[in-house]
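Worksheet: one structure, shown below.
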Amino acid sequence: MSKLKSSESVRVVVRCRPMNSKEKTASYEKVVNVDVKLGQVSVKNPRGTSHELPKTFTFDAVYDWNSKQVELYDETFRPLVDSVLQGFNGTIFAYGQTGTGKTYTMEGVRGDPEKRGVIPNSFDHIFTHISRSQNQQYLVRASYLEIYQEEIRDLLSKDQSRRLELKERPDTGVYVKDLSSFVTKSVKEIEHVMNVGNQNRSVGATNMNEHSSRSHAIFVITIECSELGLDGENHIRVGKLNLVDLAGSERQAKTGAQGERLKEATKINLSLSALGNVISALVDGKSTHIPYRDSKLTRLLQDSLGGNAKTVMVANIGPASYNVEETLTTLRYANRAKNIKNKPRVNEDPKDALLREFQEEIARLKAQLEKRSVGKRKRRERRRDGGEEEEDTEEGEDEGDDKDDYWREQQEKLEIEKKAIVEDHSLVAEEKMRLLKEKEKKMEDLRREKEATEMLSAKIKVESFLVLLFESNLFRLWGEKRVSQILKIFHQKFPG
């Protein structure tokens, strides 16, 4: 059987905002250069010598100050949301210093279609897909939480003073106990859920940003898809999309943080530091312990970093010399994250997952068999006089007889050629021996090809039987233990 649970790296993209009015007024130098074609970001040292080379980082994609919201979504986030609609878990998170445009990337500008961010674009994407789908039923649920000073708040709860707990289950992993969830049937409904949550978010002014997000916010969309199978029963897969707007990373001296703001900044930096430690441990290769439990944020993102999810990280930076240290810190952080390996898989009933594996394996084997058949047909056509094309037989029509005829023809042809060599007295002994060896090798190759084709055909028949078994009531009648025994025999008969 083919192994479907392959690993894939966290995808990391970088976005650089334009110079803002404050930076222009203060005449700060632009120290960041973005090469969109090469996927590189270069940062020069404003206090360095003319000979000092800029520090260069390469990512999956980079976006400069001219980038449009829609191109960012279509190129970087649309494939991930498509995966969630197929039943995978997906996470998109924005990271960067306060004031670099994380919330603009994630949310954009309300009321301006061209400036809509990742979250409203994903809403449109999801409900457009659902409206066009056939023979499938969808249920979309939305939840919204924030982690503020290491406490979890349900942004959709009527009681905003209540703090929620993190729990863990072997089957579903880490979850938030009693987190509210609302069924949404349209873009308008899910937008309303988000607006309610945004009104409850913790924001506060800092020197870096007048409306800085002082909490990590996670908007969770759960998409259940029910599809009628050949067995007449509904098969369900569940995709979960985490849209994460992290609080800004910053140095307290720059933010002018005092009192409550200083306390907030300390907690924010601690959780971002814990996130950095998790990323480092995952890419280190030597770490046996991954410190997910060091913060609520890392526990909630546990599946997204090194687990069962497809993840995209968008690192936001500013171009001005004033923030060069923070820009380099963000780029180093993002550069490490791109080495994280996740193992995403479709979330479905184990029986359905196995059925899908069999179906994919059958398709692969049939393609292999077809390739062999095409090769044989071409060889036969080349041998035919006049080069006229032979019409393909209908699928399944005299297929077995046709195959048997082919092997028999080839065998007889080689026997005749071998006999002719033996009876050819004009050949010297050495030449005769060489030609006979060639014919024997061809006969051996033919025998092996016949065996391989028969093995492929047998595997397809057995796997087709297993599909019928899983799609019928026999699975329920025999029970999983009996079916497991059948599978064990199958794997012994057809290893690999």
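Considering only the stretch 163-174, I want to know if a residue exists there that is in contact with a helix residue (DSSP H, G or I) (Cβ under 9 Å, 6 or more places away or on another chain) and acidic (Asp, Glu). Within the stretch 163-174, one or more residues are in contact with a helix residue (DSSP H, G or I) (Cβ under 9 Å, 6 or more places away or on another chain) and acidic (Asp, Glu). When ILE223, ILE236 are screened for being at pLDDT 90 or above and either more than 20 Å from the chain's Cα centre (by Cα) or outside any loop (DSSP other than H, G, I, E, B) (or both), only ILE223 passes. Take the conditions within 19 Å of the chain's Cα centre (by Cα) and in the same structural domain as SER215 (by TED's automatic domain parsing) and apply them to ASP74. Does it pass? Judged against the criteria, ASP74 is a match. Residue count for the stretch 12-29 satisfying the condition of being at pLDDT 95 or above and basic (Lys, Arg): 2. Residue check: ILE268 meets all listed conditions (1) at pLDDT 75 or above; (2) out of contact with any helix residue (DSSP H, G or I) (no Cβ under 8 Å at 6 or more places or on another chain); (3) of a type in the set (Val, Ile, Thr) but one, namely (1). Residue by residue through the stretch 134-175, note down the ones that are in contact with a Lys or Arg (Cβ under 7 Å, 6 or more places away or on another chain) and on the phi > 0 side of the Ramachandran plot. Matches in the stretch 134-175: GLN149, GLU150. Restricting attention to the stretch 293-322, the residues that are without any contact (Cβ under 8 Å) to a residue 40 or more places away in the chain and over 18 Å from the mean Cα position of the chain (by Cα) add up to 3. Just checking, does the stretch 173-195 include any residue being modelled with pLDDT under 70 and assigned by TED's automatic domain parsing to the domain that holds ARG132? No, the conditions are met nowhere in the stretch 173-195. Against the numbered list (1) at pLDDT 95 or above; (2) among the charged types (D, E, K, R); (3) within 18 Å of LYS296 (Cα to Cα), ASP124 comes up short only at (3).
Going by the conditions given, is ARG15 buried (at least 20 other Cβ atoms within 10 Å of the Cβ), within 18 Å of GLY318 (Cβ to Cβ) and of a type in the set (D, E, K, R)? Considered against the rule, which asks whether it is buried (at least 20 other Cβ atoms within 10 Å of the Cβ), within 18 Å of GLY318 (Cβ to Cβ) and of a type in the set (D, E, K, R), ARG15 comes out as yes.
Residues being in contact (Cβ under 8 Å) with a residue 40 or more places away in the chain and among the small types (Gly, Ala, Ser) are represented in the stretch 137-148 by at least one member. At least 3 residues being assigned by TED's automatic domain parsing to the domain that holds PRO79 and aliphatic (A, V, I, L, M) is the threshold, and among the strands (runs of 3 or more DSSP E) wholly inside the stretch 2-52 those reaching it are 11-16.
The values are calculated or read from the model by the stated rules, or taken from the named source; none is laboratory data. These numbers come from a predicted model, not from an experiment. Cβ: placed from backbone, ideal geometry, glycine included. Neighbour counts: every protein chain shown.
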